[in-house]
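The values are calculated or read from the model by the stated rules, or taken from the named source; none is laboratory data. Note that the coordinates shown come from a computational prediction; the quantities given were computed from them, not determined experimentally. Note that each Cβ is placed from the backbone with ideal geometry, even for glycine, and that neighbours are counted across all protein chains shown. Surface areas here come from the heavy atoms of the whole protein model, side chains and all, with no ligands, DNA or RNA. Shrake-Rupley method; radii C 1.70, N 1.55, O 1.52, S 1.80 Å.
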Amino acid sequence: MAIVFTFLNTYGVAQDNVIRSAHTLNYVQSVMKSIYFIDANTLAQADSNAGDCNKGDCQDERGVYGGDMNCSQLENWRVSVGDVVKKDLVDGRLDDKFGTQGAEAPGKTALRCLFREVMKPFRQAGYHYFVEVLEPTSYSPLQNFKGAGTENAYKPEVAQRTYPAPWITDTGTNYYAIHGCDDPRINATSLIAVSTPFRVQPPGKDDAACGAEGMLEDYAECHESGPNTPLDYQLRVCVWPA
Amino acid sequence: MKRNAFIGPLGDDIPSIFPIVLGVIIFIGTILYANSAYNARNADLHLRKTALALAYTATEKGTLSIQEFQKLCENSFKPYAAHAGTKFAVVLKRHCNKIDLFNQNPFYSNYSGNAGLCTNAVFKSTSINSTPGMAGVSTAIADEVKNAVVLNYPVAVNCPQENSATLGLGVINVIVWQK
């Protein structure tokens, strides 16, 4: 009888975990596809103060972004979210601007507003999510965030300096001093992270952005001749139970 | 020789038969319980695998027009569910500006004429797929749809109308339950 009950206790657990992971992966894949299809202007009404986060049944973005996510600024962007993000990222920074001169390219806002909507089923099911853009050259795994000398422990201040930026949910030090799916404060035993390639073509040599000093990050510099080398960003989404 | 009170080889040891019978009953009960638990777990896994397979098909492209959805319904969803021996409903919903999941009826498609609903179930209560919210329909759903697996996925849909060039927020609900 002990064998029978032991069998019953373990039977199907592995299959159950596989099916849950498959669902999460399929969901995140659907989210990633939506980045390329959904037009940014349709997200103009998706805001943290939109009033559809009922009775604490979903993750409250106001705690992360503040009172207003500024989704309304997407109203005139009649292109896909992916196009807006690429325009924002082409200078090497996800900061809602193209270059340093302040030309508007609200890729960061578009991603925030999109994920606020498409992650609702997971939020209402009691999950947290995190979205980040990994830069093509500077991603450092967690083990690199260690102190110097004999200290071998995780160092938040090292992580803050080293970890690739910018963050989709970055608000300085108010709520998440360290960001990322590698954050050790996340319950990593049940975290699922999915990375997808996000290739951006840098400006051509004749582009006005190439002439301005400090316009582009080092790795996003224009090429003088021949075809440009694409910037191989990664979009990483992680989901974990709250 | 006279054998007083001797009632046979078994009858002479009646007290020891009780624990033996009890043991046999417990053993058989354990086997029956194990069998039913095993079957229930298999049925649950089968439902969830079927729901996942339908969801893979529904979310393959990332965007769906109502024509594509109806084509998928006839050519993929219904044959697969029939082969799997389950009831199902795949519901395409157009939200456009904001996704509203709170207290929404998962069987209701907001496409005119329920065009965004694909199912092999015949509902006794017509309110199940004609009522937008859950108010007044939750009992009917509970009566007719038992132990359902429900999966939701985001999908891009034409907004604000079916013939619009803009793509906005939509949701696909995949619901599978036993016949």
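Selection within segment B:116-145: residues that are touching a Ser or Thr at 6+ places or on another chain (Cβ under 6 Å) and of a type in the set (A, V, I, L, M, F, W, C). The member of this set that is farthest from B:Ile172 (Cα to Cα) is B:Ala140. The set of residues in segment A:1-28 that are more than 7 Å from chain B (Cβ to nearest Cβ) and touching a residue at least 24 places away in the same chain (Cβ under 8 Å) comprises A:Ser21, A:Thr24, A:Leu25, A:Val28. Screening B:Val91, B:Val149, B:Val171, B:Val155 for residues that are within 14 Å of chain A (Cβ to nearest Cβ), more than 30 Å from B:Arg41 (Cα to Cα), surrounded by 14 or more Cβ atoms within 10 Å (Cβ to Cβ) and not polar (S, T, N, Q) leaves exactly one candidate, B:Val155.
In this structure, B:Lys61 qualifies as facing another protein chain (nearest Cβ under 8 Å), open to solvent by 50 Å² or more (accessible area, probe 1.4 Å), under 24 Å from B:Leu169 (Cα atoms) and of a type outside the set (Val, Ile, Thr). Restricting to segment B:48-57, and then to whatever is more than 9 Å from chain A (Cβ to nearest Cβ) and either among the hydrophobic types (A, V, I, L, M, F, W, C) or free of Cβ contacts under 8 Å to residues at least 12 places away in the same chain (or both), can you tell me which residue is surrounded by the most Cβ atoms within 10 Å (Cβ to Cβ)? This residue is B:Leu54.
Looking at A:Asn54, is it within 9 Å of chain B (Cβ to nearest Cβ) and modelled with pLDDT of 90 or more? Judged against the criteria, A:Asn54 is not a match. The number of residues in segment A:29-49 being among the polar types (S, T, N, Q), outside any helix (DSSP H, G or I) and within 7 Å of another protein chain (Cβ to nearest Cβ) comes to 1.
Do the conditions hold for B:Ala43, that is, is it in a helix (DSSP H, G or I), open to solvent by 10 Å² or more (accessible area, probe 1.4 Å) and among the small types (Gly, Ala, Ser)? When the stated conditions are applied, B:Ala43 passes them.
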